[in-house]
Amino acid sequence: MGSEAVQSLIVGQGLAGSALAWALHWRGEAVVIMDDGRKNSASRVSAGLMTPVTGKRAVKSPEFEADWKVAVEFYRRVERETGEKLLKIGGMIRLFEDDEAREEYQSRSDLKGVEKWEGTLQPGAEAKKGLKIAPAGRLDVKRYLESTRRYFEERGQYQEGTYEGPETGDSIQGDVHRTVVGRTFRWVICCQGADQSRQVAGIPDNPSSGEIIRGRIEGFDIPEVVHKSIWIAPNEDGSQTVGATYNWASPTTDITEQGREELQSKVRELIGRRMDVVEQVAGIRPTMKDYEPAIGRLNEGKNVYIFNGLGSKGSLKAPSLAFKLVKLLLDGKEPEKRINVKRLVQRKENTQGRKPLTELAQDIVRGVLRTGDLAIDGTVGNGFDTVFLSQQVGDTGTVIGFDIQAQAIEATRRRLEANGRGNVELKHENHEFIGRLPRRSEVTAAMFNLGYLPHGDHTVVTQPKSTASAMKAVVER
């Protein structure tokens, strides 16, 4: 490839960067991948799970069917290009405490391809109740990344090194081209995951570190990935991989004894046996503040783009998001607002120089709530205030959250799960029902964040009369 070629520079060869490289390559674009070769990036320690439900509450992944179809076609094509076997398709088993919990989940779920499952996880052990859910799959992430690197490296389109960021180390020729490492590029696409923040200022993120362990559980031979408080995934060599922990307070790529013991303890609780651990790894999940991906142009005239925020669903979502970013790059079609990085840039610009009202409200509530208190979130929305209240009252306190939109309840369930909060009762009801709650204790604080739910149904809203009634009920408790 000559130095005169106009190319795309992809910075970072994790799940995002690799998917984008293939998507551009298949459109006939010349690309160069630059990667620093770190072994503990989130992608390189990912288990590659692609499942329709996630978390302790088994919440359905939004847009799963569409993402799944694109991902399967994508990885099968990569397999043909590289000659490697990368994707294994099968079902997953979701365990429940009893028949009642299983029936309750089935009654509120719109999942297809679900059948009851009952079996033992150990010879002679007590039978477990569950659901077998299909489709589901597992990407061999390590092999996928290695074969992708090798494919582009053989064509002179891969370079190991560190990119110094969009504002340094480049000379801009006109307003659309950049010169980096002696090559001229039409655009630079930053795909560095949680490491992005030090190079792209102003993009809010909410990373969490996670640890997984690999080893052997004697007598465990379930061929599907098993989910409950943890997931257990079978490996080709007869071992199992178990995950994952969440650390939002101080994300790190260091493995910890606490993380290992947490997973070991949950294995013992679920299986009744200890796991003989042979490997432990950690990585930082790249998650945005609103838990949505972020793709698009970072700034006008400089042609720097971003592909980030895949969280723990990179194997599933990277292909479809890569194709959407390619449509922006080559066809000028902007991605929808929900995943467009512009939503984050605009939010920052709109709050420049002043503290958001939500933070001011939280400052006031923080001054009165104590551990063990009862708090109410009258409109949970996307769950930010719900998580805040849950953290303030601690594990011995309780939060009761209301919302009339099912989408809000599910979004809040996901956010609580992601933050490891279990002291919240969610009610899919109008907050006017606050007055009917049993008087088990005094309400210390209540929050009402009124307004439209982003991407929600604007025809389903609370009314001033019901809100006034709810506030009165709180005051009188």
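Residues checked against (1) buried (at least 17 other Cβ atoms within 10 Å of the Cβ); (2) touching a strand residue (DSSP E or B) at 6+ places or on another chain (Cβ under 7 Å):
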| site | (1), (2) |
| --- | --- |
| Q362 | yes, no |
| I376 | yes, yes |
| G383 | yes, no |
| G394 | no, no |
| G397 | yes, yes |
| F402 | yes, yes |
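Mind listing whichever residues of the stretch 408-422 are within 16 Å of G210 (Cβ to Cβ) and either in contact with a Phe, Trp or Tyr (Cβ under 6 Å, 6 or more places away or on another chain) or not charged (D, E, K, R) (or both)?
A418, N419, G420
I'm checking my understanding of the structure. Among residues of the stretch 274-302 that are of a type in the set (A, V, I, L, M, F, W, C) and more than 30 Å from L344 (Cβ to Cβ), which one is surrounded by the fewest Cβ atoms within 10 Å (Cβ to Cβ)?
That would be V278.
Can you tell me which of (1) under 15 Å from E442 (Cβ atoms); (2) modelled with pLDDT of 90 or more; (3) not aliphatic (A, V, I, L, M) is the one G372 doesn't meet?
Among (1) under 15 Å from E442 (Cβ atoms); (2) modelled with pLDDT of 90 or more; (3) not aliphatic (A, V, I, L, M), G372 violates only (2).
Across the stretch 166-222, what is the total count of residues that are modelled with pLDDT of 75 or more, over 30 Å from T245 (Cα atoms) and surrounded by fewer than 18 Cβ atoms within 10 Å (Cβ to Cβ)?
So the answer is 2.
Could you list all residues from the stretch 9-38 that are within 23 Å of D254 (Cβ to Cβ) and out of contact with any strand residue (DSSP E or B) (no Cβ under 9 Å at 6 or more places or on another chain)?
Correct list: R38 only.
Looking only at the stretch 119-144, which residues are of a type in the set (D, E, K, R) and exposed (fewer than 12 other Cβ atoms within 10 Å of the Cβ)?
Here is the first cut: in the stretch 119-144, the ones of a type in the set (D, E, K, R) are 126, 128-129, 132, 138, 140, 142-143.
Within the stretch 119-144, just E126 meets the criteria.
Residues to consider are E432, E417; find the one that is among the charged types (D, E, K, R), outside any strand (DSSP E or B) and either under 25 Å from Y246 (Cα atoms) or at pLDDT 90 or above (or both). Reasoning before the result, please.
Numbers: E432 fails: either under 25 Å from Y246 (Cα atoms) or at pLDDT 90 or above (or both).
E417 is the lone residue from the list that is among the charged types (D, E, K, R), outside any strand (DSSP E or B) and either under 25 Å from Y246 (Cα atoms) or at pLDDT 90 or above (or both).
Restricting attention to the stretch 263-306, report how many residues are in a helix (DSSP H, G or I), of a type outside the set (A, V, I, L, M) and more than 30 Å from D385 (Cβ to Cβ). Break it down stepwise before answering.
Step one: filter the stretch 263-306 for residues in a helix (DSSP H, G or I), giving 263-271.
Remaining after also requiring of a type outside the set (A, V, I, L, M): 264-266, 268-269.
Filter once more, so that each one left must be more than 30 Å from D385 (Cβ to Cβ): 264-265, 268-269.
Qualifying residue count for the region: 4.
Go through (1) within 16 Å of I93 (Cβ to Cβ); (2) of a type outside the set (D, E); (3) out of contact with any helix residue (DSSP H, G or I) (no Cβ under 8 Å at 6 or more places or on another chain) and name the single condition R214 misses.
The number of the failed condition is (1).
Among R44, R77, which is charged (D, E, K, R) and either in contact (Cβ under 8 Å) with a residue 60 or more places away in the chain or surrounded by 23 or more Cβ atoms within 10 Å (Cβ to Cβ) (or both)?
Sole residue among the options that is charged (D, E, K, R) and either in contact (Cβ under 8 Å) with a residue 60 or more places away in the chain or surrounded by 23 or more Cβ atoms within 10 Å (Cβ to Cβ) (or both): R44.
So which residues in the stretch 217-250 are more than 28 Å from R421 (Cα to Cα) and part of a strand (DSSP E or B)? Talk me through it step by step, then tell me what you get.
Taking the stretch 217-250 and keeping what is more than 28 Å from R421 (Cα to Cα), we get 217-223, 234-239.
Within the stretch 217-250, just P234 meets the criteria.
Output yes when any residue across the stretch 92-105 is β-branched (V, I, T) and either surrounded by 20 or more Cβ atoms within 10 Å (Cβ to Cβ) or on the phi > 0 side of the Ramachandran plot (or both), and no when none is.
yes
Being under 19 Å from C191 (Cβ atoms), in contact with a strand residue (DSSP E or B) (Cβ under 7 Å, 6 or more places away or on another chain) and free of Cβ contacts under 8 Å to residues at least 40 places away in the same chain is true for just one of L316, L328. Which residue is that?
L328
Quickly run through the stretch 355-391 and pick out the residues that are free of Cβ contacts under 8 Å to residues at least 40 places away in the same chain and farther than 20 Å from D290 by Cα.
Within the stretch 355-391, D363, I364, R366, G367, T371, G372 qualify.
Looking only at residues that are of a type in the set (S, T, N, Q) and closer than 18 Å to K69 by Cβ in the stretch 305-344, which one is farthest from the chain's Cα centre (by Cα)?
S320
Of everything in the stretch 1-47 that's under 21 Å from the mean Cα position of the chain (by Cα) and of a type in the set (S, T, Y), which residue is modelled with the lowest pLDDT?
Among them, the one singled out is S41.
Looking for whichever is among the aliphatic types (A, V, I, L, M), more than 30 Å from M34 (Cβ to Cβ) and either modelled with pLDDT under 95 or in the same structural domain as I339 (by TED's automatic domain parsing) (or both) here; the options are L270, L263. Which one fits?
L270
Does any residue of the stretch 363-380 turn out to be of a type in the set (S, T, Y), under 20 Å from L437 (Cβ atoms) and under 23 Å from the mean Cα position of the chain (by Cα)?
no
Only one of these conditions is not met by R149: (1) at pLDDT below 90; (2) of a type in the set (K, R); (3) farther than 30 Å from V267 by Cα. Which number is it?
(1)
Give the stretch 223-273 a look and list any residue that's of a type in the set (D, E, K, R), farther than 17 Å from Q122 by Cα and exposed (fewer than 13 other Cβ atoms within 10 Å of the Cβ), or say none.
Residues satisfying the conditions are E236, D237, D254, E257, E261.
Looking at the stretch 237-280 only, could you name the residues that are out of contact with any strand residue (DSSP E or B) (no Cβ under 6 Å at 6 or more places or on another chain), among the hydrophobic types (A, V, I, L, M, F, W, C) and within 30 Å of V341 (Cβ to Cβ)?
A249
The values are calculated or read from the model by the stated rules, or taken from the named source; none is laboratory data. Nothing here was measured: the structure is a model prediction, and the numbers come from that model. Cβ sites come from the backbone with ideal geometry, for glycine too, and all protein chains shown count toward neighbours.
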